Amino acid sequence: MKIFNTLSRRKEEFVPLTPGQVKMYVCGPTVYNLIHIGNARPMIVFDTVRRYFEYKGYDVRFVSNFTDVDDKIIKKAIEEGVDANTVSERYIAECKKDMAAMNVKPATVHPQATQEICGMLEMIQTLIDKGHAYVAKDGTVYFRVSSFKEYGKLSHKNLDELMSGLRELKVTGEEDKEDPNDFVLWKPKKEGEPYWESPWCQGRPGWHIECSVMSKRYLGEQIDIHAGGEDLIFPHHENEIAQSECANGKPFATYWMHNGFLNIDNKKMSKSLGNFFTVREIGEKYDLQVLRFFMLSAHYRSPLNFSADLMEASKNGLERILTCVDKLNDLEAKAEGAAETCGEQENMEAAGKLKAKFEEAMDDDFNTADAVSAVFELVKLANSTAAAGSTKAYVSFLNKTIKELCDVLGIITERGKEALDSEIEEMIAARQQARKAKNFALADEIRGKLLDMGIVLEDTREGVKWKRV
Ligand code: AMP
Ligand code: ZN
């Protein structure tokens with residue numbers, strides 16, 4: 001398998017740190033609003049990367065954070081007159097719903113910055129002790145960029161240029177910085193903001209330190225893949241490398257993967273430009289499987305322009321696959337093991353080659369665009385060759401192959417099966433917890449909510465089972 005590594009700017013053979021395992025960290029969203037479809041791109045892309053590793057037999061440990069302490073969250077909380085936690089918990093729950101509807105698997109762990117402050121204090125102290133960080137007069141802790149000679153290796157920026165270019169820049173409030181490139185690890189609280197105690201001042205962490213710490217806690221000091229949108233290369237990921245490698249004394253991630261932007265009218269879709277659609281809005285018009293299919297129609301590193309025409313094309317393409325699966329399901333149910341009809345053996349070989357073509361595309365830096373083409377060729381083969389007289393073995397083989405490859409892409413081939421299973425599982429887990437805590441009113445309330453969603457629960461010896469009514 002080859003992966004394009006931002007660090008070397010080349011495609012490299014994938015060699016895991018531990019054979020058979022993939023340790024992967026993807027920077028997640030800042031939770032102050034519903035996610036937009038630009039945020040959905042890394043979610044869908046890296047979920048597909050994860051699924052392909054799993055298909056190849058790897059045991060994948062996938063960690064993705066929620067940034068739940070941030071200026072934007074605090075601003076929103078002040079506007080609403082609630083505390084920051086209320087805002088972030090609300091949008092984490094909404095984000096999980098969107099992820100489930102896009103068939104993005106829940107991460108192995110979804111850590112939250114506010115729950116990991118202890119680890120951050122520890123790493124910051126280590127950086128101070130090793131001379132990689134310093135405390136300014138007001139208690140702000142800065143990372144000393146000049147102490148890490150490899151700074152700039154990810155974004156391919158030259159440290160000397162960075163130093164001279166910024167030397168004259170002075171930012172108000174940051175006059176105590178030794179150098180303009182130095183970045184904040186810990187900052188003093190402002191009036192009305194959430195804060196934590198620390199040896200330097202009451203305050204809160206900088207953004208970059210959270211990922212270094214959460215990645216270390218849940219995946220270890222060295223990981224295989226670190227990923228996110230390309231806007232994170234600098235400064236976020238460059239700073240993460242500096243923090244982690246200086247604190248741990250070893251290389252951080254072997255491969256750095258970055259998705260291209262989702263654009264609208266060839267401009268990056270972003271909240272600050274106001275040119276965005278939320279996943280929820282798109283979900284009102286389309287099944288979110290269509291959005292997923294649309295995202296995978298391009299290579300993850302290419303820019304992708306969002307348009308109604310492309311969404312319509314994706315809707316039609318997806319429908320073509322689902323109709324073919326309907327037909328194969330039908331034929332499979334009816335086929336009676338008839339004697340092999342002419343050409344089936346050759347067609348099975350052709351189908352096998354298309355599966356190999358799919359794998360070849362995915363092995364080449366996850367080229368989902370070509371992988372989707374291979375699925376369409378399979379559909380074409382099935383449509384033109386599977387018929388009432390086909391053998392069960394032939395129809396089943398085609399059906400299984402198409403379903404298996406769609407599953408790698410996270411495309412659900414069963415009609416009517418909604419991508420909400422993970423949300424339901426979460427609610428069931430919450431009900432179990434409530435029961436354990438003898439909070440039967442809450443447990444009943446959750447059961448009632450599930451019933452409203454058309455889900456009935458059955459308490460069995462093996463645990464709770466659920467079905468749709
Ligand atoms: P944020 O909440 O802005 O930190 O973004 C969360 C993730 O979404 C990061 O990996 C960003 O790089 C990514 N992202 C944000 N906007 C876009 C976009 N228009 N296209 C692709 N990725 C994006
Ligand atoms: Zn991050």
**Message:** So in region 245-256, with the set limited to residues that are touching an Asp or Glu at 6+ places or on another chain (Cβ under 9 Å) and within 24 Å of V49 (Cα to Cα), which one is farthest from ligand 1 (Cβ to nearest atom)?
**Reply:** P251
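Taking helices (runs of 4 or more DSSP H) that do not extend beyond region 42-140, which have at least 3 residues that are touching an Asp or Glu at 6+ places or on another chain (Cβ under 9 Å), within 16 Å of ligand 1 (Cβ to nearest atom) and among the hydrophobic types (A, V, I, L, M, F, W, C)? Before you say what the answer is, go through the steps one by one.
Details: elements: 71-80, 84-101, 117-129.
Correct list: 84-101.
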**Condition check for I225: open to solvent by less than 50 Å² (accessible area, probe 1.4 Å) and either within 15 Å of ligand 1 (Cβ to nearest atom) or closer than 30 Å to L405 by Cβ (or both)** = yes
**Asked** If a residue has to be at pLDDT below 95, open to solvent by 30 Å² or more (accessible area, probe 1.4 Å) and either hydrophobic (A, V, I, L, M, F, W, C) or farther than 15 Å from A382 by Cβ (or both) to count, how many in region 332-368 make the cut?
**Response** 9
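With the requirement that a residue be assigned to a helix (DSSP H, G or I) and within 13 Å of ligand 2 (Cβ to nearest atom), what does region 193-217 give you?
Our first condition is that a residue be assigned to a helix (DSSP H, G or I); within region 193-217, this holds for 207-217.
If the condition is that a residue be assigned to a helix (DSSP H, G or I) and within 13 Å of ligand 2 (Cβ to nearest atom), then W207, H208, I209, E210, C211, S212, V213, M214, S215, K216 are the ones that fit.
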**Asked** Among the residues of region 111-133, which ones are open to solvent by 40 Å² or more (accessible area, probe 1.4 Å) and under 21 Å from K76 (Cβ atoms)?
**Response** Q115
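One residue is enough: does region 329-342 have a residue meeting the conditions within 30 Å of V15 (Cα to Cα), part of a helix (DSSP H, G or I) and among the small types (G, A, S)? Before the answer, list the steps.
Of all residues in region 329-342, those within 30 Å of V15 (Cα to Cα) come to none.
No: zero hits.
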**Asked** Scanning for something at pLDDT 95 or above, outside any helix (DSSP H, G or I), crowded, with 19+ Cβ neighbours inside 10 Å and among the hydrophobic types (A, V, I, L, M, F, W, C), does region 391-410 turn up at least one residue?
**Response** no
**Message:** Any residue that is surrounded by 20 or more Cβ atoms within 10 Å (Cβ to Cβ) and in contact with a helix residue (DSSP H, G or I) (Cβ under 6 Å, 6 or more places away or on another chain) - is there at least one of those in region 163-181?
**Reply:** yes
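The values are calculated or read from the model by the stated rules, or taken from the named source; none is laboratory data. Here the structure is a predicted model, which means the values were calculated and not measured. Positions of Cβ are backbone-derived with ideal geometry, glycine not excepted, and every protein chain shown enters the neighbour counts. We work out accessible area using only protein heavy atoms, side chains counted, and drop any ligands, DNA or RNA first. Shrake-Rupley method; radii C 1.70, N 1.55, O 1.52, S 1.80 Å.
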